[in-house]
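Q: Let me begin by handing over the structure; questions about it come next.
The numbers here are math on the coordinates, done by the rules we state, and not lab data. Please read all numbers here as calculations on a predicted model, not as lab measurements. Here Cβ is always computed from backbone atoms with ideal geometry, including for glycine, and neighbour counts include all displayed protein chains.
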Amino acid sequence: MRRSRTLVLAAVAATAALVLSGCDSSKGGSAAPSGSAGAGGQDAATKGIVNASDHKGGTVTYEMKGTPDSLDPGNTYYAYIYNFSRLYARPLTTFAPGPGQDGNKLVPDLASGMGQVSADGLTWTYHLRSGLKYDDGTPISSKDVKYAVERSNFAPKVNSNGPTYFQELLVDNATPYQGPYDDKSPDGLKSIETPDDTTVVFHLKQPFADFDYLVSAPQTAPVPQPKDDGAGYVKHIVSSGSYKFQSYADGKEAVLVPNTNWDASTDPLRKQLADKIDLKMNIDQATIDQDLIAGNAQVDLVGGGVDPQTQAKILLDPKLKAKTDNAYGGRLVYMAINSHQAPFDNTDCRKAVQLAIDKVAVQTAEGGPIRGQIATSVLPPDIPGHADIAPFATAGNKGDASKAKDALKACGHPEGFKTTLIARTERKAEIAAATAIQSQLKTIGIEADIQQFPQGKYFSDYAGVPNFINSKGVGLMMMQWGADWPTGYGFLQQIVDGRAIKDSGNSNLSQLNDPAVNKLLDDAGSNADKAAREKDYAAIDKQVMDDAVIVPLTDFKVFLYRSDTATNLVSTSAFSGEYDYLNIGTTK
Amino acid sequence: MLAYIIRRTFAALVLLLVVSAVTFGIFFLLPRLAGETADQLAAQYIGKNPSPEAMVAIKKNLGFDQPLYIQFARFIKQLVLGAQYKYGPDATTCHVPCFGYSFKNHLEVWPEIQSRLPVTISLAIGAAVLWVLAGVATGVVSALRPRSIFDRLAMSVSLAGVSLPIFFTGALLLFLFSYQWPIFDKLHYVNFTDDPLSWARNMVLPWISLAFLYSALYARLTRSEMLDTMNEDYIRTARAKGLIERKVVVRHGLRAVLTPLLTIFGMDLGLLLGGAVITETVFSLQGIGAFAVAAIGDNDLPKILGVTLVAAFFVILCNLLVDLLYAAVDPRVRLS
């Protein structure tokens, strides 16, 4: 699902836990408590809620390096925006607040209950809660949910950042649906029906067991069609959540204030604690870290963890270390190999790269074991279906130049070749890892030129645009991926399914289109038997490794610093180990 | 005097037009000379995988299918009269002054620059006041007492100022005064009109770090010029006439030093108004420099073009003001 955006799931879980385990938990609502409040200590937020409080008021400041792909819930694919957007955009379902794996529990949000699936598995029906309103006081209709799915999945020219699961799964019109901006017909996509204002029905091409997970994406958060002007919608997003936009300045700042038309009785998850939420963009990571330590900011929005130099400082200071959270987040750090770029269209050339890389050096460049364990396959250990396989194992994970050179000979380039390796400018650890890989590849004769691109446009304009990648000779791409939802399908489909390749906003960076993988995904998606599905995911993992298009580097671990002034902090697996952003308040 | 002002202003306007033409040529002519087709050029403006419809829309909006001089005339016309772009579901208006439209972010360029101008102007002007006062005063005192303890100390400090990069001094100031001793903590830009005191409080550290570098340069320059000037015959004559030393220094010595100082000041201030990239980055200020960096990172050509023109405008404007000040400082300028 999300690109290093493991965020989405955990937020709701944390919130509910806060509500129920905090001192005023009895008022909290229906979400089940899944963690206990804690005063602190190392990894405390991975086991419970830290600084649980219902204290209202103050400004919660989020800071982020770079800019997001978009704050538009229908045009984003970063986990931290999946997480953050729930403050102003309620999807049909979301994840129950809770620490760690407890955060993976799915609960209804905009919908009053989970989806009702037909006997043949092809129809999913959701009923909206009653009394839902936008921030302007107008009622939320099921038609707005339908429109939100149409605009986010069927208009790639306007909203290209997000995944297109719905477009791939829903039955298309007789004449292929062109999206709401080009197709002005009143029916729109006929496979989404809205028989009344509170019911939305999805008709699928084939059964899909994870559909309740799928509708947890912000793409199902309602958007009123009259207020949507395409790419400009991000400048005046209409809120269905507990906060609304007071101001938005592209690349600089977004300020959210309580949505007075949000009704707590329609929402058992959100608390609306802060008087203001201030999101500051383009802040240097070192400054963010300092602000967190000083208590000037409450959250690092991107949630990737502190800078390497801050990490060193924290690890040497027991008092600071006690305020950190280090956990797996269902994220894989990897390097995608462009299977369409010669000579990487030859499997042996890809194998040469797999064998040449010293993963210990890469791990060190990324911050050491505390920031990730060495990975040998695609599926992370905390995703069901994971099997311990290591098709390209080398002694001590340090790479094997001899075997790599043999692979180069087999692919017809014994002397090596030149290629381009790309990474995200704002991500120092990613750049460091790319640099380590560059030097390792050089030892077998592969000259990789490193180019950097901004994370906000990495997928919409660069790595995620096959035409760009193929025309610029890009063979290798640094990548980090977290599951869209905590199943094998939620992790694998967007990055290995050949039918998920998009002209822009593509996540299958390798452009892998292996019929065997595609078929296994179809089988798994439609199989009602959980054990059989997980067997399929393990088989997909093995097949993708055999294709050698993904070089698994590390299973990412977040290393977050908890601000003293933030309340209700809980690190959740649902959002790649980030804190759940739904109910963070402040003592300031 | 009036004729001089009119002449210089007119020259500045012509220069601005020339700079616009050159900048425009760099963005639109050079790619053509390098062999880029109109389609390739248009694709750069879209950024992501361009659809044929989007390509046609961009080419039509920007006139890529027309001769370059018409494109330039259109560019100037849009700057003065605004423009309408048809791209996406609805037509978009680019209001006057239309510096272009970012098709990647779907934003007009000028409002984006305009919203960042107060930050950069605050930074540049505040720092300039500091460095001129500190630099010139230090330079004068050092020149009047050459090889004194003050002179040696001041020149050593100024050498450090010249040598230490802003990303070091800025980070050091932040560490000391924002985090270690939180006198200036939680820095964020506040509009002068909203709260002047808060504005100044939040800008003090950026001003100091920028001024530290420039005041060092100005101190050394002032000292050097003053040393030469104070040995001139007319200074001896002034003293011989019985003028008190303060008048000798200020009216005769410093005035002569002002001309070269003004020249370099105009250039420095103009350049800074075009964006103090490092200072803005260190202090997370969302000014023109940070905007330019982001635009370059995004390869967003309309934004880069817009910020280039604005930066050029400030350089020309500051030099025009310097030219006019010359006339006030040095009567010989008017005669020439």
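Q: Within region A:51-85, list the residues whose amide N lies under 13 Å from a label point set 7 Å along Cα→Cβ of B:His188.
A: Within reach of a label on B:His188, which here means backbone N under 13 Å from a point 7 Å along Cα→Cβ, region A:51-85 contributes A:58-64.
Q: Next up: With only alpha-carbon pairs counted, each pair once and no self-pairs, how large is the Kirkwood hydrodynamic radius of region A:444-576 in angstroms?
A: Final number for the Kirkwood radius of region A:444-576 is 16.9 Å.
Q: Hey, another quick one. Over 23 Å between C-alpha atoms is what I'm after, so list which of A:Lys65/A:Lys313; A:Lys403/A:Lys472; A:Lys157/B:Lys86; A:Lys65/A:Lys235; A:Lys190/A:Lys530; A:Lys235/B:Lys303 land there.
A: Working: A:Lys65/A:Lys313 20 Å; A:Lys403/A:Lys472 29 Å; A:Lys157/B:Lys86 14 Å; A:Lys65/A:Lys235 20 Å; A:Lys190/A:Lys530 30 Å; A:Lys235/B:Lys303 18 Å.
Beyond 23 Å: A:Lys403/A:Lys472; A:Lys190/A:Lys530.
Q: Please compute the length gained on full extension between B:Ile76 and B:Leu133, using 0.36 nm multiplied by the number of residues separating them and subtracting their Cα-Cα distance.
A: Working: separation 57, 0.36 × 57 = 20.52 nm, distance 3.99 nm.
Using 0.36 nm per residue and subtracting the Cα-Cα distance, I get 16.5 nm.
Q: Please list the non-local residues whose amide H lies under 5 Å from the amide H of A:Gly372, H modeled 1.01 Å from N, same-chain partners needing a gap of 5 or more.
A: Under 5 Å from the amide H of A:Gly372 lie the amide H atoms of A:Lys557, each far enough along the sequence or on another chain.
Q: Percentage of Cα-Cα pair distances in region A:327-558 greater than 31 Å, rounded to whole percent?
A: Considering region A:327-558, 14 percent of its Cα-Cα pairs are separated by more than 31 Å.
Q: Which of rounded, prolate or oblate describes region B:2-98 when judged by the alpha-carbon gyration tensor and an a/c cut-off of 1.5?
A: Numbers: a/c = 3.43, a/b = 1.77, b/c = 1.93.
Cα axes put region B:2-98 in the oblate bin.
Q: Using square roots of five times the C-alpha gyration tensor eigenvalues, list the equivalent-ellipsoid semi-axes of region A:83-144 in whole Å, biggest first.
A: 21, 20, 8
Q: So, one more: Rounded to the nearest 0.05, what FRET efficiency do A:Lys321 and A:Lys418 give with R0 = 60 Å and r taken as the Cβ-Cβ distance? Could you check?
A: 0.85
Q: Also, I was wondering about something else. Using the alpha-carbon atoms, what tilt in degrees (0 to 90, nearest 10) does helix B:2-24 show relative to the longest principal axis of chain B?
A: Rounded to the nearest ten degrees, it is 40.
Q: Any idea what Rg and Dmax come out to for region A:283-408 if you just take the C-alpha atoms, in Å?
A: So, for region A:283-408, Rg and Dmax equal 18.3, 55 Å respectively.
Q: Cα axis of helix B:255-273 to longest principal axis of chain B: angle in degrees, 0 to 90, nearest 10?
A: Orientation of helix B:255-273: about 30 degrees from the principal axis.
Q: Using Cβ-Cβ distances only, list the Cys residues of chain B with no partner cysteine under 4.7 Å, sorted by number.
A: Lone cysteines by the Cβ rule: B:Cys318.
Q: Residues with amide H under 5 Å of A:Gly100's amide H, sequence separation 5 or more or different chain, H placed in the peptide plane at 1.01 Å from N; which?
A: A:Ser571, A:Thr572, A:Ser573
Q: Would you work out the relative contact order for chain B, in percent, from Cα pairs under 8 angstrom that are 6 or more residues apart? Let's see the in-between values first.
A: Details: 417 pairs, mean separation 75.2, N = 336.
Relative contact order comes out at 22 percent.
Q: For the residue pair A:Lys409 and B:Glu245, what label-to-label distance in nm results when each label sits 7 Å from Cα along the Cα-to-beta-carbon direction?
A: 8.7 nm
Q: So what is the diffusion coefficient of region A:394-515 in µm² per second by Stokes-Einstein at 10 °C and 1.306 mPa s, using a Kirkwood Rh over Cα pairs?
A: In µm²/s, the coefficient rounds to 101.
Q: Follow-up. Can you list the residues, at least 5 places off or on another chain, whose amide H is less than 5 Å from the amide H of A:Thr567, using H built in the peptide plane?
A: A:Gly585, A:Thr586, A:Thr587
Q: Tell me, what is a quarter of the convex hull surface for the C-alpha atoms of region B:296-336, in nm² with one decimal?
A: Over all viewing directions, region B:296-336 projects a mean Cα-hull area of 3.5 nm².
Q: Can I ask one more? Sort all Cα-Cα distances of region A:139-211 into consecutive 5 angstrom bins from zero, then give the percent of pairs in each bin up to the one containing the longest distance.
A: Values per bin, smallest distances first: 3, 16, 28, 26, 20, 6, 1.
Q: Hey, another quick one. When the helix-only estimate is applied to chain B (DSSP H runs of n ≥ 4, each -39,500 (n - 2.57), divided by the residue count), what is the mean residue ellipticity at 222 nm, nearest 500 deg cm²/dmol?
A: That calculation yields -23000 deg cm²/dmol at 222 nm.
Q: How big, in percent, is the set of alpha carbon pairs in chain B lying more than 39 Å apart? Provide the component values of the computation, followed by the final result.
A: On the way: 16486 of 56280 pairs.
Roughly 29 percent, once rounded to a whole number.
Q: To the nearest 500 deg cm²/dmol, what mean residue ellipticity at 222 nm is calculated for chain A from DSSP H runs of n ≥ 4 alone, each contributing -39,500 (n - 2.57), summed and divided by the residues?
A: Numbers: 16 runs with 151 residues, N = 588.
Value at 222 nm, helices only, nearest 500: -7500 deg cm²/dmol.
Q: Report, in degrees rounded to the nearest 10, the 0 to 90 angle that the Cα long axis of helix B:52-62 makes with the longest principal axis of chain B.
A: Here the helix axis deviates by roughly 50 degrees.
Q: Follow-up. Diagonalise the Cα gyration tensor of region A:323-373 and give the resulting equivalent ellipsoid semi-axes, square root of 5 times each eigenvalue, largest first, whole Å.
A: Equivalent-ellipsoid dimensions as semi-axes: 29, 12, 7 Å.
Q: Within the protein assembly as shown, what percent of beta bridges assigned by DSSP are antiparallel, to the nearest 5?
A: So the antiparallel bridges amount to about 70 percent of the total.
Q: Averaging the inverse of every distinct alpha carbon separation and then flipping it gives the Kirkwood radius. What is it for the protein assembly as shown, in angstrom units?
A: Taking the inverse mean of 1/r over all distinct Cα pairs, the protein assembly as shown comes out at 29.8 Å.
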